[in-house]
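> One structure, pasted below without further comment.
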Amino acid sequence: MNLTDFVVPEAIVPDLEAGTKEEAIRAMVSSLRDAGSVTADDEEGIVTAILKREELGSTGIGNGVAVPHTKHPSVDRLISTVAIAKGGVDFASLDGEDVHILFLLVSPPDKPGDHLRGLENISKHLRSSTFCNFLKQASTASDVMDLLKEADENQIR
Amino acid sequence: MSAGDEGSGPEVRVIDTLVGLPEGLHMRPLTIIATTAADFVSAVRIGRPGGPSADVTSMLEMLALAIGPGEEVRIEATGRDADAAAAAVLELFDRGFPEPG
């Protein structure tokens, strides 16, 4: 599985400005709706489910990265969007640092393996500080997509 | 030097177990493992036996291992309370990762 297999290019938010975790999550799900990946009817349910998951423990996993996620029956395959927050978002991360790179995932309830492999893929690449630094500097959705492609092709280490 | 110093290198405790969770080691159980391991001075690593392992306090490293349901894992604790640390982590697997509290 590659990053470009599940990140929806039209939903990438290269210039996220959010004062709170909830604002960040709302903006990202709204972007998935605008891209046609989730319907307007499902949008609020997905936001609520992701926020509920955050209550169990932050998905801010360190290195300035967060991976908010939920399962939702409205999707039939794993979908994701990426947001870059140059100003940072307080995500109550495990290491206490603000997050600058967010990957939001929505996966079908009956495919837990896809969710695990999506997270594997994201974390494998985000361990690279070079990749993180390039992502943080990206200013357009197409910059972000190009970086994801390069990561998939193992051109960034 | 007292007799008690004999063999005083770091204690290592290795335990193999199986992942019983139907969704594998996703973020919730990994967070519970990291929180549990933080109560000990020993360093705790988890991986597939004979394969790469990761420090349980690094969520990125642990997620990158993508350990799925039914897989065998090796818990390795190193430090003066290694036995207790490995046992505490093993207990999480045995009990199906109950939420703390």
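The values are calculated or read from the model by the stated rules, or taken from the named source; none is laboratory data. Remember, it's a predicted structure, so these values are computed and weren't measured experimentally. A quick note on method: Cβ atoms are made from the backbone with ideal geometry, for glycine too, and the neighbour counts reach across all protein chains shown.
> Using the structure shown, decide if residue A:81 is among the hydroxyl-bearing types (Ser, Thr, Tyr), away from chain B (no Cβ under 11 Å) and either buried (at least 23 other Cβ atoms within 10 Å of the Cβ) or in contact with an Asp or Glu (Cβ under 7 Å, 6 or more places away or on another chain) (or both).
yes
Here's the yes/no breakdown for (1) modelled with pLDDT under 95; (2) surrounded by 17 or more Cβ atoms within 10 Å (Cβ to Cβ); (3) in contact with a strand residue (DSSP E or B) (Cβ under 8 Å, 6 or more places away or on another chain):
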position	(1), (2), (3)
A:29	no, yes, yes
A:45	no, no, no
A:64	yes, yes, yes
A:88	no, no, yes
A:103	no, yes, yes
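> Out of the strands (runs of 3 or more DSSP E) lying entirely within segment A:24-117, which hold 2 or more residues that are among the polar types (S, T, N, Q)? Quick ask: steps written out before the conclusion?
On the way: elements: A:60-62, A:69-71, A:79-89, A:99-107.
Output list reads A:79-89.
> Sticking with this one: Which of the residues that make up segment B:60-89 are more than 10 Å from every other protein chain (Cβ to nearest Cβ), within 17 Å of residue B:18 (Cβ to Cβ) and not charged (D, E, K, R)?
Once the filter is applied, which keeps residues that are more than 10 Å from every other protein chain (Cβ to nearest Cβ), within 17 Å of residue B:18 (Cβ to Cβ) and not charged (D, E, K, R), segment B:60-89 yields B:70, B:73, B:75, B:86, B:87, B:89.
> Within segment A:91-105, can you find the residues that are in contact with a Leu (Cβ under 9 Å, 6 or more places away or on another chain) and farther than 12 Å from residue A:67 by Cβ? Working first, answer last.
Residues of segment A:91-105 in contact with a Leu (Cβ under 9 Å, 6 or more places away or on another chain): A:91, A:100-105.
A:100 - this is the single residue of segment A:91-105 that is in contact with a Leu (Cβ under 9 Å, 6 or more places away or on another chain) and farther than 12 Å from residue A:67 by Cβ.
> Quick check on segment B:42-59. Is at least one of its residues touching a strand residue (DSSP E or B) at 6+ places or on another chain (Cβ under 6 Å), within 14 Å of chain A (Cβ to nearest Cβ) and at pLDDT below 95?
Looking for residues that are touching a strand residue (DSSP E or B) at 6+ places or on another chain (Cβ under 6 Å), within 14 Å of chain A (Cβ to nearest Cβ) and at pLDDT below 95, one finds at least one in segment B:42-59, hence yes.
> Filter segment A:115-140 down to the residues that are under 15 Å from residue A:3 (Cα atoms) and away from chain B (no Cβ under 11 Å) and list them by number. First the steps, then the outcome.
Our first condition is that a residue be under 15 Å from residue A:3 (Cα atoms); within segment A:115-140, this holds for A:115-128, A:131-132, A:135.
Those that are under 15 Å from residue A:3 (Cα atoms) and away from chain B (no Cβ under 11 Å): A:131, A:135.
> Could you grab me the full set of residues in segment B:26-71 that are in contact (Cβ under 8 Å) with a residue 40 or more places away in the chain, out of contact with any Asp or Glu (no Cβ under 8 Å at 6 or more places or on another chain) and buried (at least 18 other Cβ atoms within 10 Å of the Cβ)?
The answer is B:29, B:33, B:36, B:37, B:67, B:68.
> Among the residues of segment A:36-73, what is the count of those that are facing chain B (nearest Cβ under 9 Å) and at positive phi?
3
> Return the only residue of B:18, B:30, B:25 being more than 11 Å from every other protein chain (Cβ to nearest Cβ) and either closer than 25 Å to residue A:50 by Cα or modelled with pLDDT of 95 or more (or both).
After applying the criteria, what remains is B:18.
> Residues A:37, A:80: which one is of a type outside the set (A, V, I, L, M), at pLDDT 95 or above and under 12 Å from the mean Cα position of the chain (by Cα)? Write out each step before concluding.
Details: A:37 fails: under 12 Å from the mean Cα position of the chain (by Cα).
From the options A:37, A:80, the qualifying one is A:80.
> Might you let me know whether segment B:71-88 holds any residue that is within 30 Å of residue A:102 (Cβ to Cβ), of a type outside the set (A, V, I, L, M) and over 12 Å from the mean Cα position of the chain (by Cα)?
Just the residues of segment B:71-88 that are within 30 Å of residue A:102 (Cβ to Cβ), to begin with: B:71, B:73.
Filter again for of a type outside the set (A, V, I, L, M), leaving B:71.
Among the residues that remain, those that are also over 12 Å from the mean Cα position of the chain (by Cα) are: B:71.
So far as segment B:71-88 goes, yes, one or more of its residues are within 30 Å of residue A:102 (Cβ to Cβ), of a type outside the set (A, V, I, L, M) and over 12 Å from the mean Cα position of the chain (by Cα).
> Additional query: Could you check, for segment B:23-44, whether at least one of its residues is part of a strand (DSSP E or B) and charged (D, E, K, R)? Step through it out loud before you land on a result.
Here is the first cut: in segment B:23-44, the ones part of a strand (DSSP E or B) are B:43-44.
Filter once more, so that each one left must be charged (D, E, K, R): none.
Looking through segment B:23-44, none of the residues is part of a strand (DSSP E or B) and charged (D, E, K, R).
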